[in-house]
Amino acid sequence: DTEVTQTPKHLVMGMTNKKSLKCEQHMGHRAMYWYKQKAKKPPELMFVYSYEKLSINESVPSRFSPECPNSSLLNLHLHALQPEDSALYLCASSRPTDPLSGYTFGSGTRLTVV
Amino acid sequence: AQSVAQPEDQVNVAEGNPLTVKCTYSVSGNPYLFWYVQYPNRGLQFLLKYITGDNLVKGSYGFEAEFNKSQTSFHLKKPSALVSDSALYFCAVRAPMGKSTFGDGTTLTVKP
């Protein structure tokens with residue numbers, strides 16, 4: 001299995017809602033990432049998990065809460081989002097200690113905050 | 001600090017013609033360079049990576065990249081463009097133990 005699976009593909013939520021994004025991979029990758037991407041812009045790193053521990057938080061607002069329950073799963077919990085948080089949220093994975101390891105990306109969750 | 005720059009927002013080529021998408025980099029130490037492609041409403045797909053010692057790297061879908069250390073460039077090339085190559089292309093540099101930094105992206109349009 002050489003895929004990163006993200007669910008849901010689309011999500012519309014109100015500013016008072018709580019929702020979660022899910023990411024799953026079975027490639028044995030021990031580094032997993034959350035990126036936020038606006039239209040026609042590069043992905044912006046949000047969080048990095050290495051061996052199931054949070055290693056990088058790019059000063060992301062606390063309304064975004066990541067979780068890595070095991071080596072195959074990565075969640076992003078959302079609460080009290082703002083309309084400007086609407087974007088494509090991408091999950092990726094890689095081998096953490098190999099700088100030649102490219103990232104495998106999921107297809108993303110298109111999030112709209114209303 | 002590491003960075004990559006893609007000087008062109010947009011590249012237009014005719015089908016069958018060669019294409020080049022430019023990328024320059026700035027790193028201290030060995031460069032770990034990558035190209036990714038993104039089709040509309042999809043995630044990024046890995047195309048190719050630089051391997052030390054290989055100035056011409058071959059990747060997926062007939063793409064290749066030319067590494068030039070003196071010009072600190074890693075340009076993406078294809079000898080004969082297809083309409084289906086139209087997409088958004090990102091150059092990226094990866095830190096040895098950490099995150100990747102992406103260029104701003106170049107939209108490639110191949111016209112029939």
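The values are calculated or read from the model by the stated rules, or taken from the named source; none is laboratory data. Everything numeric here is computed off the predicted structure, so don't read it as measured data. Cβ atoms come from the backbone with ideal geometry, glycine included; neighbour counts cover every protein chain shown. For accessibility, only protein heavy atoms count, side chains too; no ligands or nucleic acids. Shrake-Rupley method; radii C 1.70, N 1.55, O 1.52, S 1.80 Å.
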Please count how many residues of the stretch B:66-92 are without any contact (Cβ under 8 Å) to a residue 60 or more places away in the chain, under 19 Å from residue B:51 (Cα atoms) and aliphatic (A, V, I, L, M).
1
Sort out for me the strands (runs of 3 or more DSSP E) sitting completely within the stretch B:1-98 that have 2 or more residues that are open to solvent by 20 Å² or more (accessible area, probe 1.4 Å) and among the polar types (S, T, N, Q).
B:10-14, B:24-26
Step by step: first the residues of the stretch A:86-114, then only those that are in contact (Cβ under 8 Å) with a residue 40 or more places away in the chain, more than 9 Å from chain B (Cβ to nearest Cβ) and under 19 Å from residue A:66 (Cα atoms), then the one that is nearest to the chain's Cα centre (by Cα). Which residue is that?
A:89
Any idea how many residues of the stretch A:28-65 are assigned to a strand (DSSP E or B), over 30 Å from residue B:86 (Cβ atoms) and either open to solvent by 30 Å² or more (accessible area, probe 1.4 Å) or among the aromatic types (Phe, Trp, Tyr) (or both)?
10
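Could you tell me whether residue A:22 is more than 19 Å from residue B:43 (Cβ to Cβ), modelled with pLDDT of 95 or more, away from chain B (no Cβ under 14 Å) and open to solvent by 60 Å² or more (accessible area, probe 1.4 Å)?
Values: more than 19 Å from residue B:43 (Cβ to Cβ): no; modelled with pLDDT of 95 or more: yes; away from chain B (no Cβ under 14 Å): yes; open to solvent by 60 Å² or more (accessible area, probe 1.4 Å): yes.
It is false that residue A:22 is more than 19 Å from residue B:43 (Cβ to Cβ), modelled with pLDDT of 95 or more, away from chain B (no Cβ under 14 Å) and open to solvent by 60 Å² or more (accessible area, probe 1.4 Å).
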Would you mind stating whether residue A:71 is more than 8 Å from every other protein chain (Cβ to nearest Cβ), touching a strand residue (DSSP E or B) at 6+ places or on another chain (Cβ under 9 Å), among the small types (Gly, Ala, Ser) and open to solvent by 40 Å² or more (accessible area, probe 1.4 Å)?
yes
Matching residues, the stretch B:85-100, being at pLDDT below 95 and either more than 15 Å from residue B:4 (Cα to Cα) or more than 13 Å from the chain's Cα centre (by Cα) (or both)
B:94, B:95, B:96, B:97, B:98, B:99, B:100
